[in-house]
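Below: one structure, written as structure tokens.
The values are calculated or read from the model by the stated rules, or taken from the named source; none is laboratory data. Here the structure is a predicted model, which means the values were calculated and not measured. Positions of Cβ are generated from backbone atoms using ideal geometry, with glycine treated the same way; all protein chains shown enter the neighbour counts.
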Amino acid sequence: MDRITLRDVLAHGRHGADPGERDRPQPLRVDLALDLDLARAAESDDLADTVNYAEIHAAIVRTIEETSFALLERLAAEVLARIMHDARIVRAELTIAKPRLLDGATPSVTLVRER
């Protein structure tokens, strides 16, 4: 199985369970790994034969900016649901982090979806 990764996607959204967290956008960082067969794309050199990572990046940013959830778990599930619409993706692993939220510590959540 082959893999496409996106690291350090930065988007700002209104997500959080604590008072005030959704009052203004805060930074979130996303790492994504997509497992799929890339043999056809490797041979054809045609973007249509692979997952367009620019479109995936845009979907991640759009989801973070246009939704608002209490939990990172819910946000991660929503992002993955949108990404997994592409039937070529066999497995996706998504980590969403809130940088420096807890006195410099960065909490994160990782969800995995498989077909």
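Key figures
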quantity	calculated
Residue that is nearest to residue 47 (Cα to Cα) [pool: residues in the stretch 99-115 that are of a type outside the set (Lys, Arg) and assigned to a loop (DSSP other than H, G, I, E, B)]	99
Residue count for the stretch 1-28, restricted to those that are out of contact with any Lys or Arg (no Cβ under 8 Å at 6 or more places or on another chain), modelled with pLDDT under 95 and within 20 Å of residue 89 (Cβ to Cβ)	0
Hits in the stretch 55-98 - residues which are part of a helix (DSSP H, G or I) and of a type in the set (D, E, K, R)	55, 62, 65, 66, 73, 74, 78, 82
The stretch 59-107 - residue that is within 17 Å of residue 22 (Cα to Cα) and among the small types (Gly, Ala, Ser) and, of those, surrounded by the fewest Cβ atoms within 10 Å (Cβ to Cβ)	70
Residue within the stretch 13-22 that is in contact with a strand residue (DSSP E or B) (Cβ under 8 Å, 6 or more places away or on another chain) and either under 20 Å from residue 114 (Cβ atoms) or not in a loop (DSSP other than H, G, I, E, B) (or both) present	yes
Residue list for the stretch 38-51, restricted to those being surrounded by fewer than 14 Cβ atoms within 10 Å (Cβ to Cβ) and within 15 Å of residue 92 (Cβ to Cβ)	none
